[in-house]
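To keep things clear, I will list the structure first and then write my remarks on it.
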Amino acid sequence: MRLISLLQKKSKLFYILLLLLGLINSIWSMGLLLLINNRIAGTSLPFVQGYDWQIYVVLILVSFFTARAFQSYTIRLTYELGNDLGLSVFEKLRFADYEEYIKLGEEKVRTATADVTTLQRFPNVFIETFNAIVMVTIGLGYLFYTNFFGALLILGVLSTLAVVYYIRNLSISRDLNTVRDLANVYQQNVNDFLRGFKDVKMSITRSNNIFIRYISQNRHRVKELTIKTLIKFMGNELMGNYLWYLLIGIIIFLLPVILHMTNVVNNQFVVTLLYLMGPVGIVVARISEFTQMQIAVDRLEQFHDKINASKAIAIGHGDLAATGGKFESIRFKEVTFEYYDERRAETFRLKPLTLDIKKGESIFITGGNGSGKSTFVNLLTGLYVPHTGTIALNGQVITESTYPGYRNRIAAIFTDSILFNENYDGLDLAPDNERLMFWLRKMELENIVTFDNEKKSIKADLSKGQQKRLALIYIMLEDKDVIVLDEWAAEQDPVFRAYFYKKIIPELKQMGKTVIVVTHDDTYFHCGERLIKFDYGNIVSDTSINAASDLHYAL
Ligand SMILES: Nc1ncnc2c1ncn2[C@@H]1O[C@H](COP(=O)(O)OP(=O)(O)OP(=O)(O)O)[C@@H](O)[C@H]1O
């Protein structure tokens with residue numbers, strides 16, 4: 001993606017408007033220069049004599065209204081571009097495959113949002129620079145028109161210094177990139193410090209190391225590098241400012257001697273140079289900003305390419321109607337899935353899985369750490385798509401376009417599920433909702449939570465176990481047929497854990513729900529109807545509890 005195409009995409013009229021701006025600006029700049037210089041020289045404007053002040057007023061008015069119109073246009077364009085780019089990151093992301101998202105990583109999403117902030121300034125910077133370039137061109141053109149060799153000399157000095165300035169700026173940008181990398185590390189250290197506050201307090205070595213070896217050292221390096229960069233930057237700015245004294249010196253002392261310039265031409269050169277100071281400063285200062293923006297746009301493009309590679313994007317919410325009808329069964333047929341761990345150069349494989357889940361079953365999934373339970377849950381809930389094999393809902397194989405609808409039919413609480421700050425599900429979370437109150441009583445949260453009537457949500461500072469209970473209540477209000485709970489009971493106290501297995505699960509079954517529970521609680525295995533055991537990515541036993549049939553798979 002080229003930077004410039006960003007603007008064209010945003011506004012079809014962009015180039016036409018730009019041309020108009022260039023034209024008006026050229027007329028304004030040229031007119032102003034001619035007018036001032038002719039007044040100083042005591043001559044009148046060519047072609048239009050005797051209308052100097054009228055022309056001056058018209059020029060100012062045209063310039064004022066053009067600047068006003070363009071700046072309003074730029075402000076709108078700037079914020080629309082930032083808004084669109086920012087929203088497009090999340091709009092695409094929500095349709096992306098979960099597997100692709102995991103591969104992409106949260107860090108890349110955060111960098112992409114930072115890049116959007118950098119790019120947001122682009123329309124502003126671009127129009128400002130374009131304006132400045134027009135003015136510089138007119139100014140230099142006028143100098144060449146006035147005295148060719150004098151202008152050539154000035155252009156030579158200006159160009160040499162612009163190149164020096166640019167090279168020095170590149171080294172400043174490199175240092176700034178290092179500062180940014182250090183800032184990322186600092187952010188991680190600070191996150192560790194704040195999230196792990198309790199653990200930091202528990203060990204003197206840990207506390208000293210995180211503060212001295214990481215946080216302090218990082219800040220020290222950032223401080224040194226920032227001071228160095230700011231001094232270099234200040235040197236550049238000073239050099240830029242003093243350049244004008246050098247040029248004015250050349251004009252008033254050198255040019256009259258070597259080019260035998262008259263006083264009038266000399267004055268015209270000085271006035272034009274003073275007029276050029278602002279625009280040249282803008283052009284030079286913006287060069288490094290464009291480099292940063294080009295990096296941001298390239299990175300953003302890579303990000304979009306990566307997400308676009310996710311086949312799910314094009315499907316969006318897919319074909320929701322196709323997964324309608326009453327829930328009867330889920331069938332896994334020869335389903336496989338694998339991860340490749342690059343660092344360990346190892347592959348974890350979920351071996352071909354074939355199994356049926358029928359309406360109303362309560363199934364317990366167990367197995368050692370790393371045996372593949374969560375991978376299975378991710379496949380069952382439709383977050384992962386099988387690498388080979390198929391999953392069918394009510395006998396219909398789920399396809400790319402029916403995956404979103406399939407996921408939508410399952411309610412799940414994962415080990416790392418969170419309670420959102422807002423009521424995104426649009427649930428009826430008011431005290432007059434009898435079902436809600438019934439479940440709050442059942443989960444022993446009735447006297448703990450409070451209602452936020454304005455936000456239509458529940459407010460509470462809850463323990464981890466209580467958060468899981470509230471999440472289960474929300475699931476009951478969602479009223480989906482299939483409920484998947486990944487180690488839900490792990491954070492419950494023994495009394496409530498027993499209550500969950502002995503009372504709640506049978507009740508869910510009575511309500512016609514199909515419940516799949518990942519659990520290590522072998523004391524309560526008898527509370528389910530079926531026990532599936534995983535080992536090394538394989539189902540090693542699928543046992544029907546309380547029934548004679550005992551299906552054992554060979555290891
Ligand atoms: N995103 C991933 N990338 C690479 N490997 C992964 C990824 N997620 C899991 N694995 C690997 O897959 C294997 C199975 O993981 P899984 O999370 O399914 O196990 P689990 O049975 O749920 O374990 P636990 O009881 O500890 O939660 C592990 O060896 C793990 O290292």
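Rundown of residues vs (1) modelled with pLDDT of 90 or more; (2) buried (at least 18 other Cβ atoms within 10 Å of the Cβ); (3) away from the ligand (no atom under 13 Å from the Cβ), yes/no style:
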residue: 521; (1), (2), (3): yes, yes, no
residue: 527; (1), (2), (3): yes, yes, yes
residue: 532; (1), (2), (3): yes, yes, no
residue: 538; (1), (2), (3): yes, yes, no
residue: 548; (1), (2), (3): no, no, yes
query = Do we find a residue being exposed (fewer than 13 other Cβ atoms within 10 Å of the Cβ) and either among the charged types (D, E, K, R) or outside the structural domain of residue 236 (by TED's automatic domain parsing) (or both) anywhere in the stretch 201-213?
reply = yes
key: Number of the exception - residue 395 against (1) away from the ligand (no atom under 16 Å from the Cβ); (2) at pLDDT 95 or above   = (2)
task = Might you check whether a residue that is surrounded by fewer than 17 Cβ atoms within 10 Å (Cβ to Cβ), touching a Cys at 6+ places or on another chain (Cβ under 7 Å) and in the same structural domain as residue 407 (by TED's automatic domain parsing) occurs anywhere in the stretch 459-479?
result = no
request  = Pick out the one residue from 32, 23 that is closer than 20 Å to residue 132 by Cβ and free of Cβ contacts under 8 Å to residues at least 24 places away in the same chain.
outcome  = 23
query = Here are 269, 303: which of them is under 30 Å from residue 174 (Cα atoms), assigned by TED's automatic domain parsing to the domain that holds residue 246, in contact (Cβ under 8 Å) with a residue 40 or more places away in the chain and among the aromatic types (Phe, Trp, Tyr)?
reply = 303
query = In the stretch 294-315, is there at least one residue being out of contact with any His (no Cβ under 9 Å at 6 or more places or on another chain), over 30 Å from residue 383 (Cα atoms) and among the polar types (S, T, N, Q)?
reply = yes
query = Restricting the search to the stretch 101-146, which residues are outside any helix (DSSP H, G or I) and touching a residue at least 24 places away in the same chain (Cβ under 8 Å)?
reply = 121
inquiry  = Considering only residues that are free of Cβ contacts under 8 Å to residues at least 40 places away in the same chain and buried (at least 16 other Cβ atoms within 10 Å of the Cβ), which ones fall in the stretch 497-509?
reply    = 497, 498, 499, 500, 501
task = Mind telling me which of the residues 102, 60 ends up being of a type in the set (A, V, I, L, M) and under 24 Å from residue 384 (Cβ atoms)?
result = 102
query = Only one residue in 54, 49 is more than 43 Å from the chain's Cα centre (by Cα), modelled with pLDDT of 80 or more and surrounded by fewer than 12 Cβ atoms within 10 Å (Cβ to Cβ), so which one is that?
reply = 54
note = Note on the stretch 510-544: residues touching a Lys or Arg at 6+ places or on another chain (Cβ under 9 Å), hydrophobic (A, V, I, L, M, F, W, C) and either under 19 Å from residue 491 (Cα atoms) or part of a helix (DSSP H, G or I) (or both) are 515, 518, 527
inquiry  = Could you go through the stretch 502-518 and let me know if any residue there is more than 16 Å from the ligand (Cβ to nearest atom) and of a type in the set (Gly, Ala, Ser).
reply    = yes
note = Going through the stretch 502-520 in order, the residues found to be in contact with an Asp or Glu (Cβ under 9 Å, 6 or more places away or on another chain) and over 19 Å from residue 359 (Cα atoms) are 519, 520
note = All-but-one check, residue 60 against (1) buried (at least 18 other Cβ atoms within 10 Å of the Cβ); (2) within 21 Å of residue 279 (Cβ to Cβ), failing number (1)
ask   = Quick one: in the stretch 405-423, which of the residues that are away from the ligand (no atom under 16 Å from the Cβ) and of a type outside the set (A, V, I, L, M, F, W, C) is surrounded by the most Cβ atoms within 10 Å (Cβ to Cβ)?
value = 406
key: Pairs where the first residue, in the stretch 385-402, is acidic (Asp, Glu) and the second is surrounded by 14 or more Cβ atoms within 10 Å (Cβ to Cβ), C-beta under 6 Å, 6+ apart   = 400/315
ask   = If residue 31 satisfies every condition in (1) under 52 Å from the mean Cα position of the chain (by Cα); (2) in a loop (DSSP other than H, G, I, E, B) but one, which is the exception?
value = (2)
query = Within the stretch 329-368, which residues are exposed (fewer than 15 other Cβ atoms within 10 Å of the Cβ), assigned to a loop (DSSP other than H, G, I, E, B) and touching a residue at least 24 places away in the same chain (Cβ under 8 Å)?
reply = 368
message = Which condition from (1) within 16 Å of the ligand (Cβ to nearest atom); (2) out of contact with any helix residue (DSSP H, G or I) (no Cβ under 6 Å at 6 or more places or on another chain) is the one that residue 451 breaks?
response = (1)
inquiry  = Among the residues of the stretch 74-81, are any touching a residue at least 12 places away in the same chain (Cβ under 8 Å), within 16 Å of the ligand (Cβ to nearest atom), assigned by TED's automatic domain parsing to the domain that holds residue 118 and in a helix (DSSP H, G or I)?
reply    = no
inquiry  = On the basis of being away from the ligand (no atom under 16 Å from the Cβ), on the phi < 0 side of the Ramachandran plot and of a type in the set (Ser, Thr, Tyr), does residue 310 make the cut?
reply    = no
key: Residue among 388, 402, 375, 354 that is within 16 Å of the ligand (Cβ to nearest atom) and among the hydroxyl-bearing types (Ser, Thr, Tyr)   = 375
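The values are calculated or read from the model by the stated rules, or taken from the named source; none is laboratory data. Treat the numbers as computed from the prediction; the structure is a model and nothing was measured. For neighbour counting, all protein chains shown are included, and Cβ atoms are generated from backbone atoms with ideal geometry for every residue, glycine included.
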